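Data first, discussion second: the structure below is written as structure tokens.
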Amino acid sequence: MDKQVGYICEDCGSTDILFDAYAAWDHISQRMELHSHYDKDHRCNECGAQDCASEVDIETYEKAIMKEFE
């Protein structure tokens, strides 16, 4: 298995990051399927910062999630 990572906002520390992507309708499964995504063009859904996502190891990401619930 590849190394697991997560993304956190460099500005506020949130894990609620939105990435731009394309989706396509799959008539067989009757749902939208991810077609492609972009490494850039993302924003924090918590503070609104643009292009602020920082890739971190999974342990750091999980700590950030727990901090959000404090």
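For this structure, a couple of remarks:
- The mean sequence separation of alpha-carbon pairs under 8 Å and at least six residues apart, normalised by the residue count of the chain, gives a relative contact order of 39 percent.
- The magnitude of the dipole of the chain, with charges of +1 and -1 set on the Cβ of Lys/Arg and Asp/Glu and taken from the Cα centre, is near 160 debye.
- The spread of Cα positions in segment 12-70, taken along each principal axis and listed from longest to shortest, comes to 42, 22, 19 Å.
- Förster-model FRET efficiency, 22 Å R0, GLU46 and GLU70, C-beta, rounded to 0.05: 0.95
- Dipole of the chain computed with +1 at Lys/Arg Cβ and -1 at Asp/Glu Cβ about the Cα centre; of MET32, GLY13, SER54, farthest Cα towards the positive end is MET32.
- Per residue, the accessible area of the chain comes to 81 Å² when a 1.4 Å probe rolls over the protein heavy atoms.
- Adding -39500 (n - 2.57) for every DSSP H run of four residues or longer, then dividing by how many residues the chain holds, sets the calculated 222 nm ellipticity at -5000 deg cm²/dmol.
- Shown here for segment 1-50: trypsin sites (Lys or Arg not before Pro) in loop regions (DSSP other than H, G, I, E, B) with at most 15 other Cβ atoms within 10 Å, namely LYS3.
The values are calculated or read from the model by the stated rules, or taken from the named source; none is laboratory data. Everything numeric in this text was worked out from a predicted model, so none of it was measured. Neighbour counts run over all protein chains shown; Cβ positions are idealised from the backbone, glycine included. Surface accessibility is based on the protein's heavy atoms, side chains included, excluding ligands, DNA and RNA. Shrake-Rupley method; radii C 1.70, N 1.55, O 1.52, S 1.80 Å.
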